[in-house]
Amino acid sequence: MRKGKLTAAAVAASTTLLLGACGGGASSDGFSAPVVEDPSFEQGTTMAHYAEQGEITIGTKFDQPLFGMKNLQGEMEGFDVAIGEIIAGQLGIPADKINWKKAPSKNREKYIQDGTVDMVVATYTINDERAERVSFAGPYYEAGQDLMVRADNDSITGPESLRDSDAKVCSAHGSTPSERIREYVDESRLVLFDSYSKCADALSNGQVQAVTTDDAILMGLVSDYEQDNFEVVGNTFSEEPYGVGILKGDTDFCEFVNESLRTAAENGSYAEAWESTAGKVAEKTPELPELRSCG
């Protein structure tokens, strides 16, 4: 077995942690974000607007286990969801007043720009191209691109091994990983869908031989598709800082989101959010990354 691989057996053996925090009501993950009572914001700011209306619309993924998932009961769960709840809580908005909007990779900038959502927390890698259209707070997590294969596939050991193979690789439309993998595979061997769950289905039925995206997302797919015996290669080849996407130029709101993340790191709710979600599989709890300037 290749060193660093995350197997379905490892997922099955992991301990489920259900940690809570005061206020807000626990999600299906067992996480409960603190909710500030009667917060005060300067009139005319984005924060004041959301606090006064008492609800917020957040875009996230609905099909990425451990990060953004709508379960069979119709409840939202995952680390991205918990981060959204943490930010909303600092606005005085409890989890049950969040309107969750499915935000596929290709629609994230559009939804922010046209007001479909108030912010996006959806394994959303910060990059220069996207930053031309939206602003980012964070990052709140650092991921890395990797490959997921069937457990009996020993020929794919990393991106370089794809160059001289005939393996087909799947990723999501509009995603950073779908662009980066083109360095290693030509267009004829790249299969794109609107969700990574469809990529996992394609791997299961032999339509493709590998799925590529951030390792965090792949860990969730290994967990969700345990019966298919998938595994993550464990050879990351990028740095993927996940940010909170907001309307372009809203510096005050960006700074507020960053301060909300700092508060979560200090009061322990950031760690609790991780351990209740992705921490069910990951080996260790990450620290909040260094936050970027909103200027």
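Subtract the Cα-Cα distance of Gln113 and Glu132 from 0.36 nm times their separation in residues, and report this length gain in nm to one decimal. Write down the numbers at each step before the final one.
Working: separation 19, 0.36 × 19 = 6.84 nm, distance 1.15 nm.
Length difference between fully extended and current span is 5.7 nm.
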Placed amide H near Gln64: partners under 5 Å, 5+ positions off or other chain: Met69, Lys70
Between Lys106 and Gln43, what length comes free when the chain is fully extended (0.36 nm per residue of separation minus the Cα-Cα distance, one decimal in nm)? 19.3 nm
Rounded to the nearest 20 Debye, what is the dipole magnitude of the chain about its Cα centre when Lys and Arg each give +1 and Asp and Glu each give -1 at the C-beta? 620 debye
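I need the Kirkwood Rh of the range 91-151: take the reciprocal of the average 1/r across all distinct C-alpha pairs and report it in angstrom.
Details: mean 1/r = 0.0726 Å⁻¹.
Hydrodynamic radius (Kirkwood, Cα only) of the range 91-151 equals 13.8 Å.
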Projected label distance in nm at Asp228 and Asp252, using a 7 Å step from Cα toward the beta-carbon: 4.6 nm
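For each of Phe230, Phe253, count neighbouring Cβ atoms within 10 Å of the residue's Cβ, then give the residues from fewest to most. All intermediate terms of the calculation are to be shown ahead of the outcome.
Numbers: Phe230 26, Phe253 23.
By the 10 Å Cβ count, ascending, the order reads Phe253, Phe230.
Determine the percent antiparallel among the DSSP beta bridges restricted to the range 145-232, to the nearest 5.
On the way: 7 of 13 bridges.
If we restrict to bridges inside the range 145-232, about 55 percent are antiparallel.
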With a 10 Å Cβ neighbour count serving as the proxy for reagent exposure, in which order, fewest first, do Lys106, Lys61, Lys284, Lys168 appear? Lys284, Lys106, Lys168, Lys61
Can you classify the chain as rounded, prolate or oblate using the Cα gyration tensor, where a ≥ b ≥ c are the square roots of its eigenvalues, rounded means a/c under 1.5, and otherwise it's prolate if a/b beats b/c and oblate if not? prolate
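Send over the semi-axes of the range 141-290's equivalent ellipsoid, whole angstrom and largest first, taken as the square roots of 5 times the C-alpha gyration tensor eigenvalues. Present the calculation step by step, with values, prior to reporting the outcome.
On the way: eigenvalues 193, 67, 33 Å².
Those come to 31, 18, 13 Å.
For the chain, give me the percentage of DSSP beta bridges that are antiparallel, rounded to the nearest 5 percent. Don't jump to the answer; show the numbers that get you there.
Details: 22 of 35 bridges.
If we restrict to bridges inside the chain, about 65 percent are antiparallel.
Suppose every Lys and Arg Cβ carries +1 and every Asp and Glu Cβ carries -1, with no other charges. What dipole size does the range 145-232 come out with about its Cα centre, to the nearest 20 debye? Could you put the intermediate results ahead of the total?
Details: 7 positive and 18 negative charges, 46 e Å.
That gives a dipole near 220 debye.
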Where does helix 215-224 land angle-wise versus the long Cα axis of the chain, in degrees 0 to 90, nearest 10? 80 degrees
Considering amide H positions built from the backbone, and no H for Pro or chain starts, which residues 5 or more places from Val191, or on another chain, come under 5 Å of its amide H? Val169, Cys170, Ser171
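What per residue convex hull volume, in Å³, comes out for the range 145-232 when only alpha-carbon positions are used? Intermediate results must be reported in sequence, preceding the final value.
Details: hull volume 6.9 nm³, N = 88.
Each residue corresponds to 79 Å³ of Cα convex hull volume.
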Taking Rh as the Kirkwood radius, which is the inverse of the mean 1/r over Cα pairs, what is the Rg/Rh value for the range 196-278? 1.10
Short version: ³J(HN,Hα) in whole Hz for each residue of the range 170-181, in order, from phi by Karplus 6.51 cos²θ - 1.76 cosθ + 1.60 (θ = phi - 60°), x for Gly and Pro, what are they? 10, 8, 9, 3, x, 8, 4, x, 5, 7, 5, 5
Along the Cα→Cβ direction, 7 angstrom out, place labels at Glu239 and Arg292. What is the inter-label distance in nm? 1.2 nm
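Only the coordinates and a few stated rules stand behind these numbers; no lab work does. In this text the structure is predicted, and so the values were computed from the model without any measurement. So basically every Cβ, Gly included, is an ideal-geometry build from the backbone, and we count neighbours across all protein chains shown.
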